Amino acid sequence: LGQVIAKKALEKCAIEIPSYNVSHDAGSGSLDIINAYIAVGQKDKALEVISQVQKKCLEYIKWYLSLNQSRFSMSYYDCYQDISILANIQSSLAKVDSKKSELLNAELNALYQAFMTKCDAAGIDLQ
């Protein structure tokens, strides 16, 4: 009964708050929606949301890493947050598609290394 109610709630969310009006990202509760889809066995729908959040995080991380040191110094924490969100996405992805999860994990590790290198170059101490 609980899963039936949860599925109906997720359907209502998709209808009432479509992603073209409120895009999927961590701030809009999408991480919870992903986990809810996984919990009720709707892996395809979870993958749709994962894909949208993942795309947005990757775009922002790559943009932050393209900034000069001065601008990066002002926004490194935002970059770190997007890396953390991407790590959460990778964890959820592991529950529904291990191959995609492995690919994302490799990309996440490379981005984290680039982030650390950029922080070092900008004189940012993360400790």
Residue-ordered couplings for region 23-31, obtained by feeding phi - 60° into the Karplus form 6.51 cos²θ - 1.76 cosθ + 1.60 and rounding to whole Hz (Gly and Pro as x), are 5, 6, 7, 4, x, 9, x, 5, 5
To the nearest Å², the heavy-atom accessible area per residue of region 1-68 with 1.4 Å probe amounts to 63
Once the in-chain neighbours fewer than 8 apart are removed, the aspartates and glutamates whose Cα is under 18 Å from residue 118 read 59, 78, 82, 107
With the dipole of the chain defined by +1 on each Lys or Arg Cβ and -1 on each Asp or Glu Cβ, the option from 75, 98, 126 whose Cα lies farthest towards the positive pole is 98
In nm, the gap between the two label points placed 7 Å beyond Cα toward Cβ at residue 75 and residue 39 is 3.4
Cα-Cα pairs in region 55-127 separated by more than 18 Å, as a whole percent of all pairs, come to 38
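Can you list, largest first and rounded to whole Å, the semi-axes you get for the chain by taking the square root of 5 times each eigenvalue of its Cα gyration tensor?
In descending order the semi-axes read 32, 16, 10 Å.
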Simple SL model, points at 7 angstrom along Cα→Cβ for residue 65 and residue 122; separation in nm is 1.4
Mean-square fluctuation maximum in Gaussian network of the chain, Cα pairs under 10 Å, restricted to 100, 12, 56, hits 12
The simple spin-label model distance between residue 98 and residue 112, using points 7 Å out along Cα→Cβ, in nm, is 2.1
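Sorting check: for 109-116, 84-91, 120-127, which peptide has the highest mean count of neighbouring beta carbons within 10 Å, and how do the rest follow?
Descending packing order for the listed peptides: 84-91, 109-116, 120-127.
The values are calculated or read from the model by the stated rules, or taken from the named source; none is laboratory data. No experiment lies behind these values; they were computed from the predicted model shown. Every residue, glycine among them, receives a Cβ derived from its backbone with ideal geometry; neighbour counts consider all protein chains shown. Protein only, heavy atoms only, side chains kept; ligands, DNA and RNA dropped before computing areas. Shrake-Rupley method; radii C 1.70, N 1.55, O 1.52, S 1.80 Å.
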